[in-house]
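Please read the structure below before turning to the comments.
The values are calculated or read from the model by the stated rules, or taken from the named source; none is laboratory data. Everything numeric in this text was worked out from a predicted model, so none of it was measured. Cβ: placed from backbone, ideal geometry, glycine included. Neighbour counts: every protein chain shown.
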Amino acid sequence: DLNISQTRAIKEALDNRFTLIQGPPGTGKTVVGVHLVYWFFLQNQKDPNHLRPKAVGGSSKRKCILYCGPSNKSVDVVAGQLLKLRKVLKPLRVYSEQMEMLEFPYPGSNLKLSRRSIREERPKRELSSITLHHLIRMPENPFSNEIIYFDARIQRGEDLTDKEIESYKVLLSQARNHELMRHDVILCTCTAASNPNFYKLDLKQIIIDECAMATEPEAFIPLVTHKPEQIVLLGDHKQLQPITHSDLSARLGMRKSLFERYMEKALMLDTQYRMHERICEFPSKEFYNGILKTGATPKDSVLLAQSHHLTPILFGHVSGKEISLVVSTERGNENSKANSAEAEESVRIASLLIKHAGVAASDIAILTPYNAQVAKVNETLLMKHIQNVNVNTITKSQGSEWRYVILSTVRSCPKSEIDTEPTKAWLTKKLGFVMDPNQVNVGITRAQEGLCIIGNQELLRCSSLWKRLLVHYQQCGCVVDPAKDIQVQNPHVKTKSKYKRASKFQNRK
């Protein structure tokens, strides 16, 4: 079942040509996206000119839906949900040629694969039954035998002539066209939406998910290429912004997404089903004008404040020493920050959750703004022989959730160096993107049952945003100084809870 704000957003999208839907953390944005696909599909089916698969040979174009996103992750999440609707509609996941090459390379291609693609981004195996480059090799596709014959020759390392390579490319294109004409919703990244094979389709509706993370030119690729009748932008400009690797392009406005440009038109989903109500309180007040409410509350937290009361939110003070390190990332080497004391404390708390509270390691995440701290935390976990704890940067965590999140803020300096009246330049130097409200919002909204922030409160208070957060946590009696006093409760032992239990919401997503 859908809640009132979800139902309203879907109705508006079905009735209008251009709709923005803002989905704060845990509000079921993916659920809304899947429902939209279903209703747009029914809308297209009612059209008397809608083609059935047997009419592929005709000159008319097949009416279907294009579902895009700035990253493969954003599209794969929805593709996984649409797998469940295969008896009703036919979804097709289309990866870029670069991604396809990871599984089916062929000679003569000039495509260069980045280290990131080789190491991280591969087509999802669980989606292979709806993935284009796998379907064209299935017996149902009339071109599959010839494609498999070429694949075998390539795998054996045979030399193909230029003419044979050209024949292979033509064959692939024909096979792709055949599959595209048999499906109702095409799922791909925004950049892959310019695929020439899509020109044979009549893409009536385009949905761009995580649109607030896409640069404007990126979002325009599907819209300008296909000129749809209806457009729906899903996203949240209060979470991660588009990534730009140039200060000049950022200053010229490339960090402003198409979604943010039209944000005053957005319909907001107002009920979240992820976080404990106490975890939700601060982000709701700080980023969503207090509108974001809690529809259902998870189990009680096992985190203990110094007063020995259970609490779903904690801030643990650590006056550690930050160090600068050069780390290897998918974009090459970069200067980053780490803090050994915070890494040790984060791992200690994770260990307590696992050993004393019985929380599965896979239900815990340690997040941080810095790649160097990710490496430092992983190193510490290895030394303590702890496996399966999720460790990642905040930017890679959007869209994910865990029962418990430990957030290491990293930045620190001696108390004598803290400026009581800091300038913008001083704050940038000492805190950097730890002050970025979008990253803060993402970092503090990943946890379901318990959020534990680790950092130097004296330095963080220099930032107005962090000062407001610390005041909120202080009022709740949830600031622990020093952080080593943070403990956890065995869930089988009854302990007083400092928060009131929220009533259960019937329609939890």
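Within the range 369-381, does at least one residue satisfy the condition of being in contact with a Ser or Thr (Cβ under 8 Å, 6 or more places away or on another chain) and on the phi > 0 side of the Ramachandran plot? No, the range 369-381 has no match at all. Of the residues making up the range 196-222, those that are β-branched (Val, Ile, Thr) and more than 12 Å from Gly235 (Cβ to Cβ) are Ile206, Thr215, Ile221.
Specify the residue that is farthest from Leu325 (Cα to Cα); the eligible residues are those in the range 397-424 that are in contact with a strand residue (DSSP E or B) (Cβ under 9 Å, 6 or more places away or on another chain) and among the charged types (D, E, K, R). The extreme case among them is Arg403. Here Gly332 meets the list (1) of a type in the set (Gly, Ala, Ser); (2) touching a Lys or Arg at 6+ places or on another chain (Cβ under 9 Å); (3) modelled with pLDDT of 95 or more almost entirely, failing just condition (3).
Kindly evaluate Pro298 against the criterion of being under 25 Å from the mean Cα position of the chain (by Cα), over 22 Å from Cys413 (Cα atoms) and not β-branched (Val, Ile, Thr). Yes; evaluated as a whole, the condition is true for this residue.
Residue count for the range 257-272, restricted to those that are free of Cβ contacts under 8 Å to residues at least 60 places away in the same chain and surrounded by fewer than 17 Cβ atoms within 10 Å (Cβ to Cβ): 2.
Evaluating Ser416 against the criteria (1) outside any strand (DSSP E or B); (2) at pLDDT below 95; (3) within 24 Å of the chain's Cα centre (by Cα); (4) not basic (Lys, Arg) leaves one unmet condition, (3). In the range 227-256, which residue that is modelled with pLDDT under 95 and not in a loop (DSSP other than H, G, I, E, B) is surrounded by the most Cβ atoms within 10 Å (Cβ to Cβ)? By that ranking, first place goes to Met254.
Of the residues making up the range 428-476, just one is modelled with pLDDT under 95 and buried (at least 16 other Cβ atoms within 10 Å of the Cβ), namely Cys476. Being in a loop (DSSP other than H, G, I, E, B), free of Cβ contacts under 8 Å to residues at least 40 places away in the same chain, in the same structural domain as Asn335 (by the TED database) and not aromatic (Phe, Trp, Tyr) is a description that does not apply to Glu379.
With respect to (1) within 27 Å of the chain's Cα centre (by Cα); (2) over 18 Å from Cys413 (Cα atoms); (3) in a helix (DSSP H, G or I), the lone exception for Gly450 is condition (3).
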